[in-house]
Every structure is written in structure tokens, then in C-alpha cells.
Amino acid sequence: MTSDTRTATDTANALIRASAVAISTGAGMSVESGLDTFRGEDGLWSKVDVNEMATPEAFQRDPTKVWAWYRYRRQKLSQVEPHEGHRVLAEWETRVPDLTVITQNIDGLHHRAGSQNVIELHGRLDVARCTYCDYNVQGLEDLGEEPSCPVCQKRLRPGVVWFGESLPDGAIETAFVAAQRCDVFLVIGTSGVVQPAASLIDVAKTYGATIIEINPNASEQSHLADIAIRAGCREALTEIDAAWRRSAS
Ligand code: APR
């Protein structure tokens, strides 16, 4: 058993007592579905230059190259599935009166696992949108090398938030409200370095939430955690869920 049973039980007890829970997830949540993290030795940013692939200026300079990378990631996404940890979070939504998942991930795996109340701060990889009009399309079918808008013929771009761009309307505001309101703030699989998502934990802490971190490694935010579970999220979440079920039986 990789995570300490005591912390799994302590976490389960905090969740049982909670009337509102906010869960903040990052790329580590999807590692066990086969997707890469961004930072760390094998992270995406060690293979691809952010400034060449993940900014509006990069797309302006070379839309074909940038789109090719997102096209490749879309194809990869069509071959992965949510793991047990995603399904556990979806199940907890039926047990906690007020549970919000706030994700930095663009893979849509929380939705596919059944979570309903999900705030996607950085958009979705399976969405493509027009660079000019309001047209957008969701799905993972291959849109080709240089897709153009069927309405106005301008280029399509990935429906994600690039560095330097603003988040979807209302997303971070709604996320901050969830962080303020929650009794338990669970932060899973994020290095805690990208704003404004990284500020959510500070808000939750300020408003008195119990902070629980699930991450095999320490992060920029570990010092704020009341409980730190140094394990992979699939194992940790299934152990917490088992402890919760034992308490409830
Ligand atoms: N379970 C839980 N956490 C894990 C696991 C796992 N199995 N494997 C790795 N991790 C942790 C790592 O220890 C790391 O702290 O996941 C974290 C991933 O950190 P990042 O790669 O920095 O990803 P994230 O924090 O989501 O990045 C935030 O940065 O580049 C932007 O838009 C991108 O949304 C992304 C944002």
C-alpha cells in the first residue's frame, strides 16, 4: 500500500464531515490514464518549447506547426480512458451535497468519468474554435492539417487557453467561490506553479478549509497541506474511498 492508511482514513473522515468540497486537479491526475505531465524530467515542456507551441504569438507565427502538435495530442487523447481515480471523484459528487472539481487539465477525463460539476480553467483539447467568429466544434475527429471555419473560412485553433491568454469567462471567479466555500480543499497532481489556478489553495486556506494534497512529490503548495498523501492519485483516491465506505458501513 503506497499511501499511509492513516492519512487515507483522516482524509475520509474530513470528507464525511464536509458539506462543501473543492477538488483542484492538474496533469498528475491524468498520468495514470497515460497522459504526460508538463514539468519534471519527462514532462511535455522538456520536449516542446512552450514559446513555440503554447502561446498566441506562436500560433500567429506558425499556425500549421502549432496545430500539428495539438492534432497529435488530440489523436493521443482518443486512445486514453479515465482511470479509477476519476471515477471515484465522480462518485463522490453523489455523496457530498456540494462538490466542485476545478481542473487545469484539458483532457475532459473528469467529464468522461461522470463528474458533472467541473470547472475547466484551461479549456478543452477536444474543442476547436474559429480565430475570427464564434464557431466552435467539440469532438476528437481528425480536422486535418490546416482546418478552416465552415462559417467564415478563417483558421480554426485549439479550444485551449495558452500562456498569456485569459481564462474562459467566469471560470476562475466560480472557482474562487468554490474555494472560499469549501470545508475540504483536495489538491491532486499539480505542481502549483501556474496562476491563477495556483492561488485557489491560498483562498481555501484563508477561509479555513482543511487542505489535503495528493501528489507523489512535494509541490510549491505542500507547506499549506494539513494532510499530504505522497502517492499516485489512483491508489490514494481508491484507498480514501475504501476508508469512507468502511466508516459509512
Ligand atoms: N498522481 C498524482 N500526482 C502526480 C502523479 C500521479 N500519479 N504523477 C505525477 N504527479 C504530479 C507531479 O509530482 C507534479 O507535481 O503531478 C504534478 C504535475 O505538475 P505539472 O506537470 O506542472 O502539471 P500542472 O500542475 O497541471 O501544470 C499546470 O501548466 O503548462 C501549464 O496549462 C498547463 O494546465 C497546465 C499548467
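Quick notes on this structure:
- Rounded percent of accessible protein surface that carbon and sulfur make up, the chain, 1.4 Å probe: 48 percent
- Where both bridge residues fall in the chain, DSSP classifies roughly 25% of the beta bridges as antiparallel.
- Over the residues of the chain, the helix contribution to mean residue ellipticity at 222 nm works out to -10500 deg cm²/dmol, using -39500 (n - 2.57) for each DSSP H run of at least 4.
- When each of the peptides 114-120, 208-214 is scored by the mean number of other C-beta atoms lying within 10 Å of its residues, the order from highest to lowest reads 208-214, 114-120.
- What the chain shows is 46 Å² of accessible area per residue, with the surface traced by a 1.4 Å probe over protein heavy atoms.
- Hits among lysines - C-alpha to C-alpha of Lys154 under 28 Å, sequence gap 8 or more where chains match: Lys65, Lys76
- Between the C-alpha center of the stretch 66-112 and that of the stretch 164-243 there is a gap of 16 Å.
- Between helix 63-77 and the chain there is an angle of about 40 degrees, using the helix long axis and the longest principal axis of the Cα atoms.
- The mean sequence distance of close C-alpha pairs (under 8 Å, at least 6 residues apart), as a share of the length of the chain, puts its relative contact order at 26 percent.
- Radius 9 Å from Cβ of Gly34, net charge of other residues (Lys, Arg +1; Asp, Glu -1): -2
The values are calculated or read from the model by the stated rules, or taken from the named source; none is laboratory data. Worth saying up front: this structure is predicted, and the values here are computed from it rather than measured. Cβ: placed from backbone, ideal geometry, glycine included. Neighbour counts: every protein chain shown. Note: areas computed on protein heavy atoms with side chains; ligands, DNA, RNA excluded. Shrake-Rupley method; radii C 1.70, N 1.55, O 1.52, S 1.80 Å.
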